[in-house]
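Okay, structure first, notes after.
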Amino acid sequence: MINNTVKFFLLAIGLMLITSCSKDIPLTNPDLTEQQNVFKEYWDIYDKYYPLMHRKNIDWQEVYDTYYPQITATTTDAELFDIFNTIMSTIIKDGHSNLIFDDMEYTEFIPDFNEDVQLMIQTRADKINIVATSADNPYISYGTLVSDENIGYIYSKGFEPLIDNNSEFNKFKAIVDEALTALEDKEGIIVDVSSNFGGQGSFAYYLAGRFFSNTTPFQLVRMRYKTTTGSTVSSLSNWVNTMFDGFEDSRSEEGVIGSIYPDEFIVEASGPFQFTNKVAVLTSRFTGSAAEYFTAAMKNQDHVKTIGNTTLGIFAGSEKLTLTNGGGKWNTQVSVQDVELFYGGNFQSFEGIGIVPDELSIPSAADLSAGKDLHLEAAVNYIK
């Protein structure tokens, strides 16, 4: 017979197995060097969690077979970092995934915020009368065009909150509402996300919702996650329609990996009123993450036209993990969801591709140096 103490212990273990999901953390192999153990753990993390192999035609086993043999008994951390740099920058190529070594060096796939983009921003600044009180906040500035004060302009700088709490979100909503109230009677509004690299979806959705012509909520996003190892779509879950708590993993900042909340898939009209005159959304290759969610939401509105360049193409949420091997020197941030957005009547993946604008308009360096902003001019032409 089993005594009560043993029964209680077995019952507790059973409940733990039923109510939580976890993925085993690889142990250190004493027969391998530290660098070999680090590589194996890194490779294992992406094998278990990274859901975009099929989107990018990556054979993850081939990556292991190619790069692990290059790590010998004499491989240094710096040499190992170079191997990771090659993998991350030429194979993973994901702005939401990176690898950090000793808090000093890191590798990630980021867009070229090149001189042309900077020059475009500088050139555009001279063409906008920005309301002075809106210039210093980190989220949006607004005003009107110098050439036509009947056309409003909103410069969306970023959707990443300074502090992650409701109070900061309320500050963001207040400045958005202030801008829309000031521009309510304009013939049209230009919303510039050409240098917006993203942040939180809730911020992006609130700004987009101020322009929705249809007040009926709709599903913009669907997500799934990786359930088994491998590089094919068969390693993924079905599309999630109920809350997923994620996988327990003590290496992550939150202790879990890949939580999904389907209520965040829905977008709807926001604020006290909606602006439904013509809206031009300006995009570039630097428009990323939550700014791309904003762009996708706006492309579902008939009175909106997107103008500029194709966006960056990074949509998955990500988690940061500190590797067990390597004495805490190695960290990786890894994308953990496969995302599709509703556009053109169906759900599509734009991961690694980006959202193509309705009108392609890419100012040349020569045009910008001459003070010409063809990007802005195209938006004015649409509104007029």
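The values are calculated or read from the model by the stated rules, or taken from the named source; none is laboratory data. Keep in mind the model is a prediction, meaning the values are calculated, not measured. When we count neighbours, we look across all protein chains shown, and the Cβ atoms used for this are built from the backbone with ideal geometry, even at glycine. Side chains included, ligands, DNA and RNA excluded: accessible areas come from the protein's heavy atoms. Shrake-Rupley method; radii C 1.70, N 1.55, O 1.52, S 1.80 Å.
Observations on the structure shown:
- For the stretch 214-266, the carbon plus sulfur part of the accessible surface works out to 47%, probe radius 1.4 Å.
- Pairs beyond 25 Å (Cα-Cα), from LYS299/LYS320; LYS127/LYS186; LYS171/LYS305; LYS93/LYS226; LYS48/LYS329; LYS157/LYS299: LYS299/LYS320; LYS171/LYS305
- In Hz, Karplus ³J(HN,Hα) per residue of the stretch 158-166 (6.51, -1.76, 1.60; θ = phi - 60°; x = Gly, Pro): x, 10, 8, x, 5, 10, 8, 8, 5
- Furthest towards positive pole of dipole, GLY345, GLY328, GLN301, structure part the stretch 296-348, Cβ charges: GLY328
- Alpha-carbon centroid distance for the pair the stretch 192-257 / the stretch 344-372, whole angstrom: 23 Å
- Prolate/oblate/rounded label for the chain (Cα gyration tensor, a/c 1.5): prolate
- Neighbour cut-off at most 14 other Cβ (10 Å), DSSP loop, chymotrypsin sites (Phe, Trp or Tyr not before Pro), the stretch 263-371: PHE273
- Prolate/oblate/rounded label for the stretch 19-96 (Cα gyration tensor, a/c 1.5): oblate
- Degrees, to the nearest 10: 34-49 long Cα axis against longest axis of the chain: 60 degrees
- Residues of the stretch 168-194 with amide N under 11 Å of the 7 Å Cα→Cβ point at ASN277: 183-190
- Dipole magnitude (debye, nearest 20) for the chain, charges at Cβ of Lys, Arg, Asp, Glu: 880 debye
- Axis of helix 115-125 versus longest Cα principal axis of the chain: the two differ by about 40°, to the nearest ten degrees.
- Derived scalar couplings ³J(HN,Hα) [the stretch 127-141; Karplus, 6.51 cos²θ - 1.76 cosθ + 1.60; whole Hz; x for Gly, Pro]: 9, 10, 8, 7, 5, 4, 5, 9, 6, 9, 6, x, 10, 9, 10
- Anisotropy class of the stretch 169-274 from Cα gyration tensor, a/c 1.5 cut: prolate
- Among the protein heavy atoms of the stretch 116-205, carbon and sulfur supply 48% of the accessible surface, probe 1.4 Å, non-protein parts ignored.
- In the chain, helical runs assigned H by DSSP with n ≥ 4 each contribute -39500 (n - 2.57); averaged across all residues and rounded to the nearest 500, the mean residue ellipticity at 222 nm is -9000 deg cm²/dmol.
- Accessible area (Å², per residue) of the chain, counting only protein heavy atoms and a probe of 1.4 Å: 46 Å²
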